[in-house]
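Please treat every number below as a calculation from the coordinates, not as lab data. Everything numeric here is computed off the predicted structure, so don't read it as measured data. Cβ placement follows ideal geometry from the backbone for every residue including glycine, while neighbour counts extend to all protein chains displayed.
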Amino acid sequence: MKKERKLYSFSQMRNFNINEGEGFVKIQIRYNTCLITGAAGFIGSNLVLELLRTVSPLHIIGIDNLNDYYDVSIKEYRLNQIKSMADSHPESTWTFIKGSISDRELIQSIFEKYKPSIVVNLAAQAGVRYSITNPDAYIESNLIGFYNILEACRHSYDNGEAGVEHLVYASSSSVYGSNKKIPYSTEDKVDNPVSLYAATKKSNELMAHAYSKLYNIPSTGLRFFTVYGPAGRPDMAYFGFTNKLREGKTIEIFNYGNCKRDFTYVDDIVEGVIKVMQKAPEKRRGEDGLPVPPYAVYNIGNNQPENLLDFVTILQEELIRAGVLPEDYDFEAHKKLVPMQPGDVPITYADTSALERDFGFKPSTDLRDGLRKFAEWYKEFYG
């Protein structure tokens, strides 16, 4: 079953209720060249699909190293979806490059050859718990890789070139660490990460700010909150739970079920990213005559945290409805409440008021609707 998507013409995209507002510059995606890193990833692939579907013509360059952090066949499935979509939109171009953003020479060559005007950096080593056992992967991709992207953006203006109009990059709700104040606001201090993954994401924001200040690179960071949906990441709870339940194994629910997550459906994330791509922080000077960094950070979350036990109950019901599990499945026999894990936090809750104010947008997909689409996709993909 194909994933349902909202369809927009480009004229509609231009009237996405984006408030021009002071301090922003409108960026046209159509006819432009976009570089999307992590293009075979969960968010990246959905972004490419939606751009091809709704903004045409345009040129998209995708890069991904297709690592085996999780099942590569899912990444190949996503790339096949993109190829089919690109084939049905011959007025646009799609170029995929297998490689890592930590390869500086490769990144430089991509910028020199294709001269992207919009860069969306979604390539990163994901996962909080994995960062505890495999820290090297996070330094290589999340720090060195992002540094390479920033340097390439910096040099895109060399020799009077127009260069990059907007750099959009993925941050994470994990930067809020053990903050007690909720909902999490981008005005809050985020100086106490509880995992290396969170530390690398906070570092990305700091690095982007420095490059925006030094080299006038318009950049926007997006703190994503627990993204889920069809063809997602198998290391995420909803996907891992489904795999284990299907195999008759026991699922572990952390903090004895006293966790809340601001689950955000992938289509909402993609719609938000596209809105942000079209509106860059303005290059300007302050009252002191010095450049003001063209820099912004936003939360993208559902603004409605769900209790993990309630989430599991809805997931179970939708898995039965989709035929992934039998109707008489004994959930209680396959459920175990366990303590909090290192690097985890008890609640994530996004204050999305800034996103609403500047872009007229707020994620709105109901958790049951989102999990239903995931369950239907899972049944089709795994049988």
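Would you mind working out the magnitude of the charge dipole of region 86-196 relative to its Cα centre, with +1 at each Lys and Arg C-beta and -1 at each Asp and Glu C-beta, to the nearest 20 Debye? That gives a dipole near 440 debye.
For the chain, the longest principal axis of the alpha carbon atoms and the long axis of helix 196-215 meet at an angle near 10°. Taking the Cα centre of the chain as origin and assigning +1 to Lys and Arg Cβ atoms and -1 to Asp and Glu Cβ atoms, the resulting dipole is close to 320 debye. In the chain, helical runs assigned H by DSSP with n ≥ 4 each contribute -39500 (n - 2.57); averaged across all residues and rounded to the nearest 500, the mean residue ellipticity at 222 nm is -11500 deg cm²/dmol. Just to confirm my numbers, what's the Cα centroid distance between region 316-349 and region 127-152 in Å? Going from one Cα centre to the other spans 30 Å. Phi angles across region 363-379 convert, under the Karplus curve 6.51 cos²θ - 1.76 cosθ + 1.60 with θ = phi - 60°, into 3J(HN,Hα) values of x, 9, 5, 5, 4, 5, 4, x, 5, 5, 5, 5, 4, 5, 5, 4, 4 Hz, Gly and Pro given as x.
For region 325-336, the Karplus equation 6.51 cos²θ - 1.76 cosθ + 1.60, evaluated at θ = phi - 60°, returns couplings of 10, x, 5, 9, 4, 8, 5, 4, 6, 10, 10, 9 Hz by residue, with Gly and Pro reported as x.
If you run the Gaussian network model on the chain, springs between alpha carbon atoms under 10 Å, then out of 169, 298, 215 the most flexible one is 215. Per-residue Karplus couplings for region 270-286, computed as 6.51 cos²θ - 1.76 cosθ + 1.60 with θ equal to phi - 60°, are listed in order as 5, 4, x, 4, 5, 4, 5, 4, 7, 9, 9, x, 6, 7, 7, 10, x Hz, Gly and Pro entered as x. Relative to the longest principal axis of the chain, what angle (0 to 90°, nearest 10) does the C-alpha long axis of helix 42-54 take? Result, in degrees: 60. Across the alpha-carbon set of region 71-133, the Rg to Rh ratio works out to 1.03, Rh being the Kirkwood radius. In this structure, the amide hydrogen of residue 25, modeled 1.01 Å from its nitrogen in the peptide plane, lies closer than 5 angstrom to those of 280, 282, counting only residues at least 5 positions away or on a different chain. Rounded to two decimals, the Cα-based Rg/Rh of region 238-284, with Kirkwood Rh, is 1.28. The coefficient of translational diffusion for region 328-380, derived via Stokes-Einstein from the alpha carbon Kirkwood radius under 25 °C and 0.890 mPa s, stands at 159 µm²/s.
Which ordering of 297, 266 is given by a fewest-first count of other beta-carbon atoms within 10 Å? Intermediate results must be reported in sequence, preceding the final value.
Working: 297 19, 266 25.
Starting with the residue having the fewest Cβ neighbours, the order is 297, 266.
Within the listed set 204, 67, 32, the Gaussian network model of the chain (springs between alpha-carbon atoms below 10 Å) gives the highest mean-square fluctuation for 67. Close amide-amide hydrogen proximity is noted between residue 292 and 284, 285, 286, each under 5 Å apart and 5 or more residues distant or on a separate chain (H modeled in the peptide plane; Pro and chain starts excluded).
With neighbours defined as other Cβ atoms within 10 Å of a residue's Cβ, the residues 252, 50 order from fewest to most as 252, 50.
Helix 104-114 sits at what angle to the longest principal axis of the chain, using alpha carbons and giving 0 to 90 degrees rounded to 10? Helix 104-114 and the main axis of the chain meet at about 60 degrees. Neighbour counting of Cβ atoms within 10 Å sorts the residues 111, 374, fewest neighbours leading, into 111, 374. Here the chain was treated as a single set of alpha-carbon atoms; its pair distances binned every 20 Å from 0 give 28, 60, 11, 0 percent. Close amide H partners of residue 96, meaning residues 5 or more places away or on another chain with modelled amide H under 5 Å apart, are 62. Lysine pair count for region 81-207 with Cα-Cα distance under 21 Å and sequence separation of 8 or more or different chains is 11. Scattering from region 245-340 was approximated by placing one identical point on each alpha carbon and applying the Debye formula without solvent; log10 I(q)/I(0) at 0.12, 0.16, 0.22 1/Å stands at -0.62, -0.84, -1.14.
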